[in-house]
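The values are calculated or read from the model by the stated rules, or taken from the named source; none is laboratory data. Since the model is a prediction, treat every value here as computed from it, not as a measurement. For neighbour counting, all protein chains shown are included, and Cβ atoms are generated from backbone atoms with ideal geometry for every residue, glycine included. Note: areas computed on protein heavy atoms with side chains; ligands, DNA, RNA excluded. Shrake-Rupley method; radii C 1.70, N 1.55, O 1.52, S 1.80 Å.
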Amino acid sequence: MQYCFQTMGRIRRNVGSFKKKFRYFFKERYSFKMCFVISCIVLVVAKESCIRFNPYVKIDAKHDSITNPEYNRDFFMQFDVVMNALDNRAARNHVNRMCLAADVPLVESGSAGYLGQVTVIKKSKFECYECQPSPREKTFPGCTIRNTPSEPIHCIVWAKHLFNQLFGEEDPDQDVSPDTADPEAAGDSGRLAVDTEAKSSGAGGIERVSTREWAEASDHDPQKLFKKLFHDDIQYLLSMDKLWVKRRPPVPLIWEQLPKEDILTTRRGSLEAQRLWTVQECANVFSDSLKDLKEQYKQRGELAWDKDDKAAMDFVTCTANLRSHIFLIPQKSRFDVKSMAGNIIPAIATTNAVIAGLIVVEALKILAGSFNKCKTVYMSRFANARRKLLIPCELVSPNPKCYVCSPKPEVSVKLNTNTLTIKSLEDKIFKACLGMIAPDVEIDDGKGSIIISSEAGETEGNNNKTLSSFAISGGSRLKADDFLQNYELIINIVQCENLAEEKEFEIVGTIPEASDSKETPGAITNNGTAVNGGAEDQAGPSMVSVQEDDEDELIMMESEDEDEDDEALSSSNRKRPLTEETHQAIFKKARLSETDDDTKDDNLVVLES
């Protein structure tokens with residue numbers, strides 16, 4: 001039998017992860033065009049390598065985005081099976097919906113470090129990629145980042161915000177100055193004293209002005225910036241005395257009196273990138289990186305933080321560690337900061353090779369028509385009690401409440417129609433939350449009033465209008481149709497004028513629920529069934545979102561075709577917990593938790609007999 005393959009791959013404008021693999025060919029700056037050319041070469045080389053294994057195979061390699069309109073339902077219908085190797089949720093959602101629309105089996109997969117999984121998705125037979133709820137991003141109140149950090153990640157997020165405030169795109173929600181709106185803040189007399197002293201001194205003051213304006217006025221002077229950020233602002237925080245009733249108060253730093261060694265930096269790594277810097281070294285790096293970034297800012301204007309830019313990475317590392325020292329938080333090496341700030345999940349070649357092999361095994365079962373033999377397979381870092389790293393599990397039936405693959409997809413959204421705009425409805429709900437690419441939305445009132453059109457410019461005038469201006473209220477129904485995904489959805493509007501602070505909407509009702517009886521082996525469970533729009537349930541003036549890094553429980557079930565002991569366990573339908581090491585990435589039904597979707601590549605591999 002002769003097989004015909006089509007492979008697809010794409011890199012985006014943020015080419016940090018790609019250019020690391022080819023830094024041998026470049027000196028310091030990496031152009032997008034050059035990386036584009038290299039990525040095309042990689043596809044061609046991969047194609048030629050495969051042909052050397054089997055010269056009778058026909059392979060068509062494409063360098064493109066799978067979400068382009070030309071890859072529509074008809075495109076997917078030409079294949080017998082689709083094999084997914086994508087690494088961002090938006091593209092995974094899209095391929096999932098296209099395979100459902102075309103009724104083509106999909107082999108979904110993912111890996112992160114030593115862990116991985118493969119599963120099979122088939123319309124009306126096995127659950128789809130979106131049948132189970134996605135894990136929420138971990139968020140912190142803005143006041144925690146600005147006033148009372150207690151973990152290294154708090155300081156790293158603060159350092160990235162500082163970079164943007166000085167050299168990047170300014171965002172009021174990323175302010176790094178002390179937060180006077182903190183509900184715990186107190187000590188007005190002390191705060192006034194600090195303000196008065198700062199204004200009278202005229203140097204390194206903490207007047208409430210833009211951080212960028214203040215920095216530019218001082219010509220980004222390292223000592224003045226250091227004094228403001230790590231001394232004056234800390235003194236300001238100390239004046240909020242109620243913050244420190246049950247916390248250890250921070251210790252301000254003085255440029256001229258920095259400790260040469262730090263008791264929290266005694267650990268040293270064998271590699272320079274894994275060595276912890278002393279406070280004095282952090283101050284020196286702060287001065288040097290500030291000068292380099294100032295020159296880049298003058299030449300190029302606003303900068304975008306890039307983990308592969310030396311000056312930007314050094315700046316975040318040193319400022320995060322200086323703040324950690326002030327708040328008596330364990331400091332991190334440059335390597336660790338890069339991993340946390342860049343949301344890097346290590347790629348291990350052997351894991352990827354094993355997962356690739358499992359993809360082919362499941363694809364062969366599909367091509368043979370043996371859907372009853374298809375499995376979900378999880379790869380663990382450590383062998384279980386039976387000395388197995390690969391744990392096959394039975395596939396799960398579709399979730400009847402899934403708003404993607406159920407016969408009549410429907411979902412309810414709780415929002416305030418008097419404040420939510422049409423633009424927010426389109427961008428934050430339909431595209432960001434519900435994963436649509438080009439939605440057309442009309443009011444289901446018998447008149448077919450269109451409020452959002454996928455045609456550019458048709459409904460642009462509606463963007464800043466609220467939903468209530470179109471007589472949309474509680475009980476109204478909206479019909480959404482994404483022609484690119486062949487996907488239709490009914491949205492029930494639930495009017496709510498007292499949503500929790502920082503939330504614009506909340507998807508409720510028909511979101512798939514993660515219950516014990518339906519929990520997928522190896523699943524990440526969610527706290528609650530609602531998907532929050534814009535924030536967690538924590539209170540605070542503002543929220544900061546970072547990648548979830550907590551340890552979860554990994555649940556695994558042995559398959560029926562094991563030995564006798566395995567069969568006995570399987571027949572009892574009991575799930576066995578397996579505890580992984582802290583900070584291991586845990587998976588849910590072929591779903592990975594991606595942090596910055598815009599920085600990922602789209603890769604589609606499809607197989608046709």
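For the reader, a short list of remarks on this structure follows.
Residue-wise test of (1) open to solvent by 40 Å² or more (accessible area, probe 1.4 Å); (2) in the same structural domain as A112 (by the TED database).
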| residue | (1), (2) |
| --- | --- |
| T376 | no, yes |
| A383 | yes, yes |
| I422 | no, no |
| K428 | yes, no |
| K431 | yes, no |
| G448 | no, no |
| E458 | yes, no |
| G461 | yes, no |
| N464 | yes, no |
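- In segment 411-425, residue modelled with the highest pLDDT [restricted to those that are over 26 Å from the mean Cα position of the chain (by Cα) and either part of a strand (DSSP E or B) or of a type in the set (V, I, T) (or both)]: T417
- When residues of segment 307-330 are limited to those that are over 15 Å from I156 (Cβ atoms) and of a type in the set (D, E, K, R), the one modelled with the lowest pLDDT: D308
- Subset of segment 210-227 [closer than 14 Å to K294 by Cα and of a type in the set (G, A, S)]: A215, A217, S218
- Residue pairs meeting the criteria (Cβ under 6 Å; at least 6 apart or on separate chains; first more than 17 Å from G435 (Cβ to Cβ), in segment 68-91; second part of a loop (DSSP other than H, G, I, E, B) and at pLDDT below 90): D80/S609
- Segment 442-453 - residue that is out of contact with any Leu (no Cβ under 9 Å at 6 or more places or on another chain) and at pLDDT 90 or above and, of those, nearest to S424 (Cα to Cα): S453
- Subset of segment 335-369 (residues that are open to solvent by less than 30 Å² (accessible area, probe 1.4 Å) and assigned to a loop (DSSP other than H, G, I, E, B)): G342
- In the set P398, P439, P392, P409, only one residue is touching a Leu at 6+ places or on another chain (Cβ under 8 Å) and open to solvent by less than 60 Å² (accessible area, probe 1.4 Å); that residue is P409.
- Residue within segment 470-477 that is modelled with pLDDT of 90 or more and assigned to a helix (DSSP H, G or I) present: yes
- Q296 meets the conditions (1) open to solvent by less than 30 Å² (accessible area, probe 1.4 Å); (2) in contact with a helix residue (DSSP H, G or I) (Cβ under 8 Å, 6 or more places away or on another chain) in every case but one. The failed one is (1).
- Any hit, segment 116-128, residues being of a type in the set (S, T, Y) and part of a helix (DSSP H, G or I): no
So that you can scan it fast, the table gives a plain yes or no per residue for (1) modelled with pLDDT of 85 or more; (2) not acidic (D, E):
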position: T459; (1), (2): yes, yes
position: K465; (1), (2): yes, yes
position: N498; (1), (2): no, yes
position: E513; (1), (2): no, no
position: T520; (1), (2): no, yes
position: T529; (1), (2): no, yes
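- Residue in segment 59-79 that is open to solvent by 40 Å² or more (accessible area, probe 1.4 Å), out of contact with any strand residue (DSSP E or B) (no Cβ under 9 Å at 6 or more places or on another chain) and of a type in the set (K, R) present: yes
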